[in-house]
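Just so it is clear, none of the values below were taken in a lab; they were calculated from the coordinates. Bear in mind the structure is a predicted one, so any value in this text is a computation, not a measurement. Using ideal geometry, Cβ is built from the backbone for each residue, glycine included, and neighbour counts are taken over all protein chains shown.
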């Protein structure tokens, strides 16, 4: 079993790595710097996956442009509060020594997966009604 001190170090390492990644994303716009990883799905098929535009959206969000971030990837922007809540609640429970096994019912995971799949299909449909979903 991992000690509480080791667990805290683990979270500090994750927080430090996340902060460094956010600083890099803040400084280097994914639209202009091409050292970021490419989307394998988009490269292979030419279609947009549900995550396409996420780096650009996070870059815009870090610069305080939520509407531009929404234009880059609406699904990311709408799901970000839930992801942040889950991560912070899990970290809090883990640091307090409380169980973290079933914090969220599996149905919520499957619902999000279904929404992401529908979002990925709809943003690739031809025509005018869904063009706003494309980055």
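Entry note, the chain: the mean residue ellipticity at 222 nm calculated from DSSP H runs of n ≥ 4, each adding -39500 (n - 2.57), is -20500 deg cm²/dmol after division by the residues and rounding to the nearest 500.
Using the average count of surrounding beta-carbon atoms within 10 Å as a protection proxy, the listed peptides 128-134, 53-59, 73-79 rank, highest first, as 53-59, 73-79, 128-134.
In square nanometres and to one decimal, what's the mean projected area of the convex hull around the Cα atoms of the chain? Value for the chain: 10.2 nm². Here each label is just a point 7 Å from Cα along the line to Cβ, and for residue 78 and residue 28 those points are 3.2 nm apart. Evaluated at q = 0.11, 0.12, 0.22, 0.24 Å⁻¹, the base-10 log of the normalised Debye intensity for segment 48-117, with identical point scatterers placed on the Cα atoms, takes the values -0.35, -0.42, -0.95, -1.01.
With R₀ fixed at 25 Å, the C-beta to C-beta distance from residue 101 to residue 12 puts the FRET efficiency at about 0.60. Taking each residue as 0.36 nm, the span from residue 36 to residue 68 lengthens on full extension beyond its C-alpha to C-alpha distance by 9.6 nm.
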